[in-house]
Amino acid sequence: MAELFGSDAYAPAEIAAKIKIVGVAKAHMATLPLVMLGLLAGAFIGLGGLFFVIVKSDATLSFAVSQVLGGLVFCLGLILVVIAGAELFTGNNLLVMAWADGQVTTREVLRNWVYVCVANFVGATGLALLVYLSGHTHANGGAIGVTVMKIALAKQNLVWVEAFFRGVLCNVLVCMAVWMAMAGRSVVDKVVAIVFPITAFVAAGFEHSIANMYVMQLALIIQYFEPATAGNALSVSGMFGNLMPVILGNLVGGSVFVGLVYHLIYRVAAVTQPATTPRVKKD
């Protein structure tokens, strides 16, 4: 179909097939590389979060400008994951396509999700510690650290229902970014495909579990080492009170509203597509 219309991008049906093939490979990956790539992804998304906070710490920007510009620079995280290669829990929710097709087992999918999510958490935490030790949070007259605390506290205070549905909407856009990046054949193609969905979810204030791991752990580190200035409003239980509904929301958004929907579309299309019969040459 792509050749018919003169484009070298993969068509949606081809993307679906590619994602299933990639899903099988991810589900069967050995534990050590899976965990190491998960650590990288947690750090990569944290770098996107770091970039976002720099923009948000500038009080001279209007709300809309800071949200959109912050979303734009946050794209660094998923660009690093997709181009450099890493295992990200939210993107790996698309493994459900290979599972629905019977190519991987439920146990294999859950193994991938659990290992990758935990590794993402450790990677994001490790980056948060390095960022604090670098003195970055004191930049802009301390506004970076203040902004981190403000963002983390707002996330901790989110009610469960809002956190869940913000997680759903976030991962619909993240998985659509991954889906469209699979259509590209070059680095530029993939970057362009990533930018708009990711900018949109960040600008809208939706919740990404791995990004939250980074910013909330950094806030807890600041609070631990600088209690006199940061106060003690944040807690580990408060962090997990945010992460649990957001992780569940991300899971539903990515696996159900993107993965299963596209699986059903192209499964039905394959079943209902009329069979073509070869022409017989007449003498």
Exactly one of these conditions fails for residue 147: (1) outside any helix (DSSP H, G or I); (2) more than 21 Å from residue 245 (Cβ to Cβ). Give me its number. (1)
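Looking only at residues that are in a helix (DSSP H, G or I) and more than 18 Å from the chain's Cα centre (by Cα) in the stretch 153-181, which one is nearest to residue 227 (Cα to Cα)?
So the first thing to find is which residues in the stretch 153-181 are in a helix (DSSP H, G or I), and the list is 153-156, 160-181.
So of that shortlist, the ones also more than 18 Å from the chain's Cα centre (by Cα) come out as 153-154, 156, 160-162.
Values: 153: 15, 154: 18, 156: 18, 160: 27, 161: 31, 162: 29 Å.
Within the stretch 153-181, the match that is nearest to residue 227 (Cα to Cα) is 153.
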Being of a type in the set (Phe, Trp, Tyr) and within 15 Å of the chain's Cα centre (by Cα) is the filter here, so list the residues in the stretch 28-58 that pass it. 44, 52
What are the pairs, 6+ residues apart or on separate chains, where a residue within the stretch 69-95 that is in contact (Cβ under 8 Å) with a residue 40 or more places away in the chain has its Cβ under 9 Å from a residue that is of a type in the set (Asp, Glu)? 81/87; 95/108
Filtering the stretch 159-184 down to residues that are more than 23 Å from residue 75 (Cβ to Cβ) and of a type outside the set (Phe, Trp, Tyr), which residue is surrounded by the most Cβ atoms within 10 Å (Cβ to Cβ)? 162
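Condition check ((1) touching a Leu at 6+ places or on another chain (Cβ under 8 Å); (2) of a type in the set (Ser, Thr, Tyr); (3) modelled with pLDDT of 95 or more) across all residues:
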position: 239; (1), (2), (3): yes, no, yes
position: 243; (1), (2), (3): no, no, yes
position: 247; (1), (2), (3): no, no, yes
position: 259; (1), (2), (3): yes, no, yes
position: 263; (1), (2), (3): no, no, yes
position: 266; (1), (2), (3): no, yes, no
position: 272; (1), (2), (3): no, yes, no
position: 277; (1), (2), (3): no, yes, no
position: 281; (1), (2), (3): no, no, no
Return a yes/no flag: does the stretch 190-200 have any residue that is touching a Ser or Thr at 6+ places or on another chain (Cβ under 7 Å) and at pLDDT 95 or above. no
Candidate set: the stretch 232-254, residues that are in contact (Cβ under 8 Å) with a residue 24 or more places away in the chain and small (Gly, Ala, Ser); chosen: the one nearest to residue 142 (Cα to Cα): 233
All conditions in (1) within 26 Å of residue 248 (Cβ to Cβ); (2) without any contact (Cβ under 8 Å) to a residue 60 or more places away in the chain; (3) not aromatic (Phe, Trp, Tyr) are true of residue 53 except (2)
So residue 190 ticks every box in (1) surrounded by fewer than 24 Cβ atoms within 10 Å (Cβ to Cβ); (2) charged (D, E, K, R); (3) closer than 20 Å to residue 152 by Cα but one. Which box is left unticked? (3)
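Can you tell me how many residues in the stretch 183-213 are on the phi < 0 side of the Ramachandran plot and outside any helix (DSSP H, G or I)? Don't jump to the end; show me each part of the working.
Our first condition is that a residue be on the phi < 0 side of the Ramachandran plot; within the stretch 183-213, this holds for 183-204, 206-213.
When the remaining residues are screened for being outside any helix (DSSP H, G or I), the result is 183-186, 206-208.
Residues meeting the conditions: 7.
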Does any residue of the stretch 16-24 turn out to be over 20 Å from residue 190 (Cα atoms) and either in a helix (DSSP H, G or I) or touching a strand residue (DSSP E or B) at 6+ places or on another chain (Cβ under 8 Å) (or both)? yes
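The values are calculated or read from the model by the stated rules, or taken from the named source; none is laboratory data. Because the structure is predicted, anything quoted here is derived from the model rather than measured. As a convention, Cβ positions derive from the backbone with ideal geometry for all residues, glycine included, and neighbour counts pool all protein chains shown.
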